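Here's the structure we're looking at; comments come further down.
The values are calculated or read from the model by the stated rules, or taken from the named source; none is laboratory data. It should be emphasised that the depicted structure is a prediction, and the values quoted were computed from it without experimental measurement. Using ideal geometry, Cβ is built from the backbone for each residue, glycine included, and neighbour counts are taken over all protein chains shown. What goes into the accessible areas is simple: the full protein's heavy atoms, side chains included, and nothing from ligands, DNA or RNA. Shrake-Rupley method; radii C 1.70, N 1.55, O 1.52, S 1.80 Å.
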Amino acid sequence: MKLSRTNALRGELSVPGDKSISHRSVMFGALADGLTEIRGFLNGADCLATISCFSRMGIRIEQKEDAVLVHGNGLRGLAQPQDILDCQNSGTSLRLISGILAAQPFESVLTGDESIRRRPMGRIIDPLTLMGARMESIPGNGCAPLRIHGSRLHGIRYVSPVASAQVKSAILLAGLYAEGETRVTEPYLSRNHTELMLSAFGADVQSEHNTAIIRPAARLKGQKIQVPGDISSAAFFLAAASILPGSEILIHNVGINPTRDGILQICRRMGGDVSLLNERQNAGEPVADLLVRPAPLHGTEIGGAVIPTLIDELPVIAVMACFAEGTTVIRDAAELKVKESNRIASVVQNLSAMGADITETDDGMIIRGGQPLHGAVIESHRDHRIAMAFAIAALAADGETEIPDDGCVAISYPAFFADLQKLFR
Ligand code: S3P
């Protein structure tokens, strides 16, 4: 994709369904009794990988035009997969499904693409092993492929060294099957979609501050789920409308769960003009329409408890920071190094190529705003959020920017470039 400066983005759009919620609705639907009907499902490559894994374990999943229908087989109804389960690029699929497979009465192997085979799995192997799971990293380096020999599990009290919803959810899903109570305490609260949705399916889940508690369930019951728009996808338009003079974008039906809304807090803290319209509840998840207009931005410090609530938005926040007056410091974000790419390195490399004044740190970056950006060839590292963040940077930069490896947007937002182009004025 080649992109150049544009004056304004104007119009309305609906971003695709939330990736985290889409994954979970298929997984929990597969383990429930009866039908789970999912509307607003994200037809992105990651969530399709989850569908494929459960299909391989005997779950009938129908992909209709307006809904995904999951015919659940109950908590003990998964069949042993005849083949390796391929999670492709999806960390959520690999880690959450591992938690489920740890308790099944069969052996299975999970793997994924080159990027996922580099990402740390010790963070789930360790706690699941403490619960009695028998699993191993086949290459022996703490990474996938993972071999899992299902076994009887018992509850644990686990204090996680990282605020990660994928780690928390893997443990909670194993806890669904374990004897006794399972508790996971995080340094900061990560997204709580697993807790909310499992509870809606009838599981016994509680939250106390940064601790999630689950007791084994006898059964889950199929649900009707309306997936809200993904705030992580909306973030690209929030950033674009904030930095491009003359813009005005209305984004419909965006999930604003407080464990995900850090981008809204930071936009406002930087002086951004974002209004929440028509706030409502949608199947236990708060939703609103977001109206965004440009505003003079200023730098800010981003660290601590807000980090897990905007972890996937940090690449595009870094882009916004280049157009803010003063310095923006992002810290406590070392988790960025183990995402689809090393997102600290990817952001610093590409923003430097565009002329930004940016310094990499151990756990984040420092951006001195106000330096005009110029076009460059962007290395996406096949990371969807890097490709989309730099498409936004390109619209506010002098000259032409090329993003050669842009197919990765299909991971979370297949129609991203088409939706963006509809807003050009
Ligand atoms: C996700 C959790 C986050 C996030 C990822 C989706 C989830 O990862 O970055 O895109 O659906 O639970 P971590 O939990 O590893 O931080």
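Considering only the stretch 301-407, give the strands (runs of 3 or more DSSP E) lying wholly within it that have at least 2 residues that are of a type in the set (Phe, Trp, Tyr) and not assigned by TED's automatic domain parsing to the domain that holds residue 143. Don't jump to the end; show me each part of the working.
Values: elements: 327-330, 357-361, 364-368, 400-402.
Because the criterion is at least 2 residues that are of a type in the set (Phe, Trp, Tyr) and not assigned by TED's automatic domain parsing to the domain that holds residue 143, no strands (runs of 3 or more DSSP E) in the stretch 301-407 meet it.
Would you mention how many residues in the stretch 318-340 are without any contact (Cβ under 8 Å) to a residue 40 or more places away in the chain and open to solvent by 10 Å² or more (accessible area, probe 1.4 Å)? Break it down stepwise before answering.
Going residue by residue through the stretch 318-340, those that are without any contact (Cβ under 8 Å) to a residue 40 or more places away in the chain are 329-334, 336-337.
Within this subset, residues satisfying the condition of being open to solvent by 10 Å² or more (accessible area, probe 1.4 Å) are 329, 331-332, 334, 337.
Residues flagged as without any contact (Cβ under 8 Å) to a residue 40 or more places away in the chain and open to solvent by 10 Å² or more (accessible area, probe 1.4 Å) within the stretch 318-340 amount to 5.
Mind telling me which of the residues 341, 346, 275 ends up being within 28 Å of residue 7 (Cα to Cα), of a type in the set (S, T, N, Q) and within 16 Å of the ligand (Cβ to nearest atom)?
Every option except 346 fails the conditions.
So the check is Cβ under 9 Å with 6+ separation or different chains; which pairs have a first residue in the stretch 82-102 that's under 19 Å from residue 168 (Cα atoms) and of a type in the set (A, V, I, L, M) and a second one that's part of a helix (DSSP H, G or I) and open to solvent by 10 Å² or more (accessible area, probe 1.4 Å)?
94/166; 96/166; 102/129
In the set 233, 207, which member is among the polar types (S, T, N, Q) and surrounded by 24 or more Cβ atoms within 10 Å (Cβ to Cβ)?
Matching residue, one of 233, 207: 233.
Go through the stretch 391-425 and give me each residue that's out of contact with any strand residue (DSSP E or B) (no Cβ under 9 Å at 6 or more places or on another chain), open to solvent by less than 60 Å² (accessible area, probe 1.4 Å) and among the charged types (D, E, K, R).
406, the sole residue that qualifies.
Would you mention how many residues in the stretch 278-300 are open to solvent by less than 10 Å² (accessible area, probe 1.4 Å) and under 24 Å from residue 166 (Cα atoms)? Spell out the reasoning first.
Narrowing the stretch 278-300 to residues open to solvent by less than 10 Å² (accessible area, probe 1.4 Å): 287-288, 290, 292.
Pick out the ones that are also under 24 Å from residue 166 (Cα atoms) and you get 287.
The total comes to 1.
Can you tell me which of (1) modelled with pLDDT of 95 or more; (2) in contact with an Asp or Glu (Cβ under 8 Å, 6 or more places away or on another chain) is the one residue 157 doesn't meet?
It is condition (2) that residue 157 fails.
Residue check: is residue 183 of a type outside the set (Asp, Glu), assigned to a strand (DSSP E or B), open to solvent by 20 Å² or more (accessible area, probe 1.4 Å) and more than 25 Å from residue 45 (Cβ to Cβ)? Give the steps one after another, and end with the answer.
Working: of a type outside the set (Asp, Glu): yes; assigned to a strand (DSSP E or B): yes; open to solvent by 20 Å² or more (accessible area, probe 1.4 Å): yes; more than 25 Å from residue 45 (Cβ to Cβ): yes.
In short, yes.
For the stretch 1-28, which residues satisfy the criterion of being away from the ligand (no atom under 16 Å from the Cβ) and either open to solvent by less than 40 Å² (accessible area, probe 1.4 Å) or in contact with a helix residue (DSSP H, G or I) (Cβ under 8 Å, 6 or more places away or on another chain) (or both)?
Let us first name the residues in the stretch 1-28 that are away from the ligand (no atom under 16 Å from the Cβ), namely 1-14.
Matches in the stretch 1-28: 1, 3, 4, 5, 6, 8, 9, 11, 13.
Residues that are away from the ligand (no atom under 16 Å from the Cβ), hydroxyl-bearing (Ser, Thr, Tyr) and at pLDDT below 95, at least 3 per element: which strands (runs of 3 or more DSSP E) completely within the stretch 193-242 meet that?
Values: elements: 204-208, 211-215, 224-226.
By residue number, no strands (runs of 3 or more DSSP E) qualify.
Scan the stretch 29-50 residue by residue and report those that are open to solvent by less than 10 Å² (accessible area, probe 1.4 Å) and either more than 16 Å from the ligand (Cβ to nearest atom) or in a helix (DSSP H, G or I) (or both).
So the first thing to find is which residues in the stretch 29-50 are open to solvent by less than 10 Å² (accessible area, probe 1.4 Å), and the list is 29-32, 36, 38, 42, 44, 46-47, 49-50.
Residues satisfying the conditions are 29, 30, 31, 32, 36, 46, 47, 49, 50.
Only one of these conditions is not met by residue 263: (1) within 30 Å of residue 75 (Cα to Cα); (2) within 16 Å of the ligand (Cβ to nearest atom). Which number is it?
Failed condition: (1).
Being basic (Lys, Arg), in a helix (DSSP H, G or I) and not assigned by TED's automatic domain parsing to the domain that holds residue 183 narrows it down to one residue among 260, 268; which is it?
Just a single option satisfies the conditions, and that option is 268.
Condition first: crowded, with 21+ Cβ neighbours inside 10 Å and either over 14 Å from residue 234 (Cα atoms) or not hydrophobic (A, V, I, L, M, F, W, C) (or both). Now tell me which residues in the stretch 301-310 satisfy that. Before the answer, list the steps.
Initial filter on the stretch 301-310 (crowded, with 21+ Cβ neighbours inside 10 Å): 302, 307-310.
Residues satisfying the conditions are 302, 307, 308, 309.
Strands (runs of 3 or more DSSP E) wholly in the stretch 73-179 with at least 3 residues that are open to solvent by less than 30 Å² (accessible area, probe 1.4 Å) - which ones?
On the way: elements: 107-111, 134-137, 146-149, 157-159.
Output list reads 107-111.
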